[in-house]
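Visitor: The structure follows.
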Amino acid sequence: MLVSYNWLKEFVDIDDLDVNDLAEKITRTGVEIADVAHPMAGLKKLVVGYVEECVAIEGTHLHKTLVDAGQDEKLQIVCGAPNVAAGEKVIVALHGARIAGGHKIKRGKIRGIESNGMICGLQEIGFNESVVPSEFVDGIYVFPADADVKPGEDVYEALGMDDYIFDFDITPNRADTLSMEGAAYEVGAIVDKPVKIEPVVLKEDGAAWTDSFSAEIDQKLAPKYYLRKFSGITVKPSPLWMQTRLWNAGIRPINNVVDITNYVMLLTGLPMHAYDARTFKDHQIGVRLAEKGEKFTLLSDKKIELDAQDIVITDGTKPVALAGVMGGLNSEIQPDTTDVYLEVGVFDPTLIRKAALRHANRTEASSRFEKGVNWDNLEKAENMAALLLRNEAGATVAQGILKAADQQKEPTVIKTTVSYINKVLGTEISADEMKRIFDRLNFESNFAGDELTVNVPARRWDLAIPADLVEEVGRLYGYDNIKSTQPLLAETHGGYSEAETKLRRVKSIVQGQGLMEAISYSLTSPEKAHAFVKEAKADAKIKMPLNSSRSVMRQNLLEGLLDAASYNFARKENELFLFEQGRTYDREGGEFHEHEHLAALYSGHVYADNWQHEDREVDFYFVKGQLEELFISLGIKGVSYRAEAISGMHLTRTAGIYLDGEYLGMIGMIAPSLTFLDKTLRGHEIYAYELDLDVLSKYQTQGTKAVPAPKFPAIERDLSILVSDNLTNEDVEKVIRENAGKYLTKLQVIDVYQGEHIESGKKSLAYNLTFRNDHDTLTDSVVSKAMETISEALIAKLGANIR
Amino acid sequence: MDLFDKLVELRKDGLAKIKEATDEKKLNEVRVELVGKKGELTKILHSMKEVAPDKRREVGQRVNELRDLFNEQLDGTKEEILKALAQKKLEEERIDVTLPGKRGHVGSKHPIYLILDDLEALFIGMGYQVVQGPEIETDHYVFEMMNLPKDHPARDMQETFYIDSENLLRSQTSGDQARVLEKHDFAKGPLKMVGPGKVYRRDDDDATHSHQFMQMEGLVVDKHVTMGDLKGTLEMIAKHVFGADRATRLRPSYFPFTEPSVEMDVSCFNCDGKGCPICKYTGWIEVLGAGMVHPNVLENAGVDSSVYGGFAFGVGLDRFAILKYGVDDIRDFYTNDVRFLGQFRKEDK
Ligand SMILES: [Zn+2]
């Protein structure tokens, strides 16, 4: 809510306070003041002018005017606005003036004709177009004929631009400050000054009417619903003082009747609605739920289809307003309207909120109803509006208010103790001091020893429980005055969970390997969600996704890293060592599962470009080496790799990774079919692995029992063999290990060759074997014996040639 | 010439020859010639019979003195020759140390995890447990337990990705609060936890919005936890992350799960409170929301709110990273541009 400082001054004596200090105080104590605007700030030499003569300049849309702007001489000004005319009081920017946007106005010539200034529209002096009366949107502003302004006077005061506008950026619980009265109570409490809010004294001057009008109100939808009737109204613009208050509050002036309803809403916080009396020919009104599919046109001309959860006001049969949101075009105040019914009510907050959302039509009214309104203020609103309609529209006020629904709320009484409030705040505020705080809030409070009872007025419907009073006392005592302390509690042991500790270890190792940490989106497309996994599981799928590329939860992390690769390749960043540690998600078996994963993506070179020309490209074995280093660092042994087809991965360059027969993840090259399809990925060899850390963590153990370093020397032997090329290294190693005896401590492939020097269908493999006896010096004969056994086994089992 | 004269001469010649030897081979020849088994000194000893018996002792002494001198000189010269040789080899091995090294890849932490790790370390040091909960949460834990019944207007403030009527992607980490509160045994001591993690909201991605971001929740509950404790804790977070010279202020705010609720601002680090575009000319930047745990939240989790109370706070980690590192587009955290990610390598918090 935009709160006018000048208007606020009518309720609270704040003259002695600096405007910015006041705003800061309100922010720290009550409601955040997001901004303090001073509309005349930066403007200069804008005065009232009287257009004495106005002649069209032939062949142009321009007019040559002679304006009395209070100067020694009349000013000749060329004006392009369509609505300029002799006899108008207008805004004149004199030579040397500064208008909105810091633009300077100078005398000069337009089409060769001298122009000594500029006649301005409201937007040109800083008004937001949304508040400019519609007749002036496309032209200059013209003061009302009866406006009390004289040529040469500054325009600021007359237009309300000397005001300071406080932007009350309220939280939903403080809707009580969405009115001048509410704001005044709040500011009065904050600055500790009395608040002058007076009752309305109204003498009705028309005939009684309520007996001849029937109302059928669903009180669940509208627990309170009041109507007043007026006749003899003349619809015309509202007086300038009211218009300035409206536009300073961000509301466009329309006509006196509509403006008065808005003005009273600003004053009391209660949205009102005026109906042309011709709407209710049958002298009946209703409040009910709409029928689904009912067509309806709002007074903004917007056509909507009503929902069965919309509340509508009816003329007994058809809807005439979308209750609490906006009136209907069919009941709108017309230029020739003379008789009016004026509604003020309380509508179900949830239904109003949903209706405004459903029809994308949030209004000043709906935003108040959805947060609640003051149930005690309906009669005052009706009477205030009646007074204004009589004064400003010549209305006759019919006798009586039709209170078609008038439920009462139980008054809120909160009981608590002084010690409870102090205990929560960590303060030692005395009962007397607390009483003073409740007095400032205009709450009736009673103290009996430690016991405390507070009667909360209906205007503060946000307060219900003792904790709410803690907040009232705390904020008015001042959060600045609460001492900063640290909790004095029994000692606790801080730390990570065991699972988290293991994840952090994995992350730190791969960071140390030179991988950069990425974070990708968890939501992705179904296709991407299912890539790079051994078996896709049932999806965790969003009901209303923002778009189809973010509609299900990922089942792998690699797809995100591949997006990152694409993004980087497109920017010529081709050296990628990326990892992500995060979760994958599925809904297998109807239950939701989240798994911690690790994925790494490699593309480019092992080393940066260097003058030694070591430009080795990343390949499968480099990445596998990195993975093996990770396993070594984690103390994980017995990992096996099986050539395996995995979606999205290269058919013959991919392995499933297994630990104790359990699938741990996969490693390999991204499928060329996939990189070829994406323009930015095309031509890049990308290698990657992804591990399920939930599986891995089962094998991550802590605690080492130290073994002394070996005391006896080792013996090394090389073994070179020729085998059929469909045998794998693993096949060979298995035979070697099974036949090497108990002293083999290390087995390493040192050469693999396949090519022209070897018969086709064969490959040559060379191994280095290390033997050691931890308890004695090993003899050559023992080792030679072992080597013989190995050779025999290789020949017998694999048909190997020993070379 | 008697033996004594010979010795004088040999001394003079020998020293000169040693001096002249410039490599190891020549030096060895000189050594053989002078002190070898058939060398000059040996020859002199062999001709001892020519010396009068009473002088023999003296000759023997002189020969030994000369042998020691020669050996000393030979060893010294050998050392010099070797030294020179080594020096020559080193010269040959000279490289240009100003040529660049051969670089592999340098890893880095994501900036959001830099912030998170630093905060976790801070809180662990103060006895907080780090707790992580599920991201696919239930309406029950994220909303109902947190005092946000269905149709609560505050649910609009954070539009949620629903999977079905009960399951959703959590829009706040506060569900972890409820889970921990339910389980905690207060007989074993106070509850102090922080709960970091990913959260999701139905926002279109732009410079200031992301449908996915990270939060950290904090919760302390015991018999005597005050708003003063909350204030002290929040000030510590702000000063730890944004610098000890930052001013802070608490403002009343509203969250359904705390009462009273506050937000904390820190003085703008760009303009030091004078007002600039970053702080929207207010001099203050909002950094977090907090409050005293709402009695309904405690009761919903089966904790007696007449005995126990505490505070909770929520930190937007993306927001912290944006403010601390001066990032101007939240999407930069999720596009994983290596030029962006690489610049945080030097940070350790
Ligand atoms: Zn600033």
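Rule-based calculations on the coordinates, nothing more; no lab input. Fair warning: this is a prediction, and the values are worked out from it, not measured in the lab. A quick note on method: Cβ atoms are made from the backbone with ideal geometry, for glycine too, and the neighbour counts reach across all protein chains shown.
Visitor: I'm trying to understand the selection: among the residues of the range B:261-306, which are surrounded by fewer than 19 Cβ atoms within 10 Å (Cβ to Cβ) and touching a Lys or Arg at 6+ places or on another chain (Cβ under 6 Å)?
Guide: None; the set is empty.
Visitor: Which one of these is within 13 Å of chain B (Cβ to nearest Cβ) and touching a Ser or Thr at 6+ places or on another chain (Cβ under 9 Å): A:Lys541, A:Lys534, A:Lys528?
Guide: A:Lys541
Visitor: Moving on to the next point. Kindly indicate the residue of the range B:201-228 that is crowded, with 21+ Cβ neighbours inside 10 Å and away from every other protein chain (no Cβ under 11 Å) and also farthest from the chain's Cα centre (by Cα) among those meeting that condition.
Guide: Among those that are crowded, with 21+ Cβ neighbours inside 10 Å and away from every other protein chain (no Cβ under 11 Å), it is B:Leu219.
Visitor: Here's another thing I want to ask about it. I'm trying to understand the selection: among the residues of the range B:330-349, which are in contact with a helix residue (DSSP H, G or I) (Cβ under 6 Å, 6 or more places away or on another chain) and either more than 7 Å from chain A (Cβ to nearest Cβ) or closer than 10 Å to B:Lys109 by Cα (or both)?
Guide: Across the range B:330-349, the qualifying residues are B:Ile330, B:Asp332, B:Phe340, B:Phe344, B:Glu347, B:Lys349.
Visitor: Can you go through A:Lys537, A:Lys543 and tell me which one is of a type outside the set (A, V, I, L, M) and touching a residue at least 40 places away in the same chain (Cβ under 8 Å)?
Guide: Details: A:Lys543 fails: touching a residue at least 40 places away in the same chain (Cβ under 8 Å).
Step by step, each of A:Lys537, A:Lys543 is checked, and only A:Lys537 is of a type outside the set (A, V, I, L, M) and touching a residue at least 40 places away in the same chain (Cβ under 8 Å).
Visitor: Condition test on A:Ala97, is it touching a residue at least 40 places away in the same chain (Cβ under 8 Å) and not charged (D, E, K, R)? Spell out the reasoning first.
Guide: Numbers: touching a residue at least 40 places away in the same chain (Cβ under 8 Å): yes; not charged (D, E, K, R): yes.
Here the answer is yes, as A:Ala97 does meet what is asked.
Visitor: Give the residue that is farthest from the other protein chains (Cβ to nearest Cβ), with candidates limited to residues of the range B:255-278 that are small (Gly, Ala, Ser) and assigned to a strand (DSSP E or B). Spell out how you get there, then give the answer.
Guide: The first filter runs over the range B:255-278 and keeps only residues small (Gly, Ala, Ser), leaving B:261, B:267, B:273, B:275.
Filter once more, so that each one left must be assigned to a strand (DSSP E or B): B:261, B:267.
Values: B:Ser261: 8, B:Ser267: 12 Å.
Per the criteria, the residue is B:Ser267.
Visitor: Could you count how many residues in the range A:5-51 are assigned to a strand (DSSP E or B) and of a type in the set (Ser, Thr, Tyr)? Give the steps one after another, and end with the answer.
Guide: Of all residues in the range A:5-51, those assigned to a strand (DSSP E or B) come to A:12, A:32-37, A:44-51.
With the extra rule that they be of a type in the set (Ser, Thr, Tyr), the set shrinks to A:50.
Total satisfying the criteria: 1.
Visitor: Return yes or no: is B:Ala247 within 16 Å of the ligand (Cβ to nearest atom) and either of a type outside the set (Lys, Arg) or surrounded by fewer than 23 Cβ atoms within 10 Å (Cβ to Cβ) (or both)? It would help to see each step written out before you state the result.
Guide: On the way: within 16 Å of the ligand (Cβ to nearest atom): yes; either of a type outside the set (Lys, Arg) or surrounded by fewer than 23 Cβ atoms within 10 Å (Cβ to Cβ) (or both): yes.
So B:Ala247 fits the description; yes.
Visitor: Still on this model: When you check A:Ala323 against the structure, is it in contact with a Leu (Cβ under 8 Å, 6 or more places away or on another chain), surrounded by 22 or more Cβ atoms within 10 Å (Cβ to Cβ) and aliphatic (A, V, I, L, M), yes or no?
Guide: yes
Visitor: Going residue by residue through the range A:613-620, is there one that turns out to be outside any helix (DSSP H, G or I) and facing chain B (nearest Cβ under 8 Å)? Let's see the steps before the verdict.
Guide: Residues of the range A:613-620 outside any helix (DSSP H, G or I): A:613-619.
Still in the running and facing chain B (nearest Cβ under 8 Å): A:614.
Yes, the range A:613-620 has at least one match.
This table checks each residue for (1) touching a helix residue (DSSP H, G or I) at 6+ places or on another chain (Cβ under 6 Å); (2) surrounded by 14 or more Cβ atoms within 10 Å (Cβ to Cβ); (3) on the phi < 0 side of the Ramachandran plot.
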position: A:Ile636; (1), (2), (3): yes, yes, yes
position: A:Arg642; (1), (2), (3): no, no, yes
position: A:Arg653; (1), (2), (3): yes, yes, yes
position: A:Gly661; (1), (2), (3): no, no, no
position: A:Ile670; (1), (2), (3): no, yes, yes
position: A:Leu681; (1), (2), (3): yes, yes, yes
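Visitor: Say whether the condition of being within 14 Å of chain A (Cβ to nearest Cβ) and free of Cβ contacts under 8 Å to residues at least 12 places away in the same chain is met by at least one residue in the range B:309-320.
Guide: The answer is no, given that none of the residues of the range B:309-320 is within 14 Å of chain A (Cβ to nearest Cβ) and free of Cβ contacts under 8 Å to residues at least 12 places away in the same chain.
Visitor: Looking at (1) within 9 Å of chain B (Cβ to nearest Cβ); (2) charged (D, E, K, R); (3) touching a residue at least 40 places away in the same chain (Cβ under 8 Å); (4) in a strand (DSSP E or B), which one does A:Asp563 not meet, given that it meets all the others?
Guide: (4)
Visitor: Let me ask you something else. Please specify each residue of the range B:293-323 satisfying the condition of being more than 13 Å from B:Gly218 (Cβ to Cβ), more than 34 Å from the chain's Cα centre (by Cα) and among the hydrophobic types (A, V, I, L, M, F, W, C).
Guide: Once the filter is applied, which keeps residues that are more than 13 Å from B:Gly218 (Cβ to Cβ), more than 34 Å from the chain's Cα centre (by Cα) and among the hydrophobic types (A, V, I, L, M, F, W, C), the range B:293-323 yields B:Val297, B:Leu298, B:Ala301, B:Val303, B:Val307.
Visitor: Which residue is farthest from A:His605 (Cα to Cα), if the candidates are limited to the range A:544-560 and must be of a type in the set (A, V, I, L, M) and within 10 Å of another protein chain (Cβ to nearest Cβ)? Outline the logic, then answer.
Guide: Going residue by residue through the range A:544-560, those that are of a type in the set (A, V, I, L, M) are A:544, A:546, A:552-553, A:557-558.
From what is left, the residues that are within 10 Å of another protein chain (Cβ to nearest Cβ) are A:544, A:546, A:552-553.
Details: A:Met544: 43, A:Leu546: 38, A:Val552: 34, A:Met553: 32 Å.
Filtering first and then ranking leaves A:Met544.
Visitor: Okay, moving on. Mind checking whether some residue in the range B:182-190 is within 8 Å of chain A (Cβ to nearest Cβ), more than 30 Å from the chain's Cα centre (by Cα) and surrounded by 19 or more Cβ atoms within 10 Å (Cβ to Cβ)?
Guide: Yes, that holds for at least one residue.
Visitor: Looking at this structure, is B:Ile115 within 8 Å of chain A (Cβ to nearest Cβ) and among the aliphatic types (A, V, I, L, M)?
Guide: No; evaluated as a whole, the condition is false for this residue.
Visitor: Sticking with this structure for a sec: Identify the residue in the range B:272-312 that is of a type in the set (Asp, Glu) and more than 23 Å from A:Tyr420 (Cα to Cα) and, among all such residues, is farthest from the ligand (Cβ to nearest atom). Steps first, answer last, please.
Guide: Of the residues in the range B:272-312, the ones of a type in the set (Asp, Glu) are B:272, B:286, B:299, B:304.
Cutting the leftovers down to more than 23 Å from A:Tyr420 (Cα to Cα) gives us B:272, B:286.
On the way: B:Asp272: 8, B:Glu286: 12 Å.
Within the range B:272-312, the match that is farthest from the ligand (Cβ to nearest atom) is B:Glu286.
Visitor: I would also like to ask the following. Identify the residue in the range B:258-271 that is within 11 Å of the ligand (Cβ to nearest atom) and in contact (Cβ under 8 Å) with a residue 24 or more places away in the chain and, among all such residues, is farthest from A:Val424 (Cα to Cα).
Guide: B:Phe269
Visitor: Applying the selection to the range A:246-275, what residues are farther than 15 Å from A:Pro144 by Cβ and part of a helix (DSSP H, G or I)?
Guide: Applying the first criterion (farther than 15 Å from A:Pro144 by Cβ) to the range A:246-275 yields A:248-252, A:257-258, A:260-275.
Matches in the range A:246-275: A:Asn248, A:Val257, A:Val258, A:Ile260, A:Thr261, A:Asn262, A:Tyr263, A:Val264, A:Met265, A:Leu266, A:Leu267, A:Thr268.
Visitor: So, one more: For the range A:218-240, how many residues meet the condition of being surrounded by fewer than 18 Cβ atoms within 10 Å (Cβ to Cβ) and hydroxyl-bearing (Ser, Thr, Tyr)?
Guide: Residues meeting the conditions: 2.
Visitor: Quick test for you: out of A:Val47, A:Val19, A:Val36, A:Val51, pick the one residue that is over 49 Å from the mean Cα position of the chain (by Cα) and of a type in the set (Val, Ile, Thr).
Guide: A:Val51
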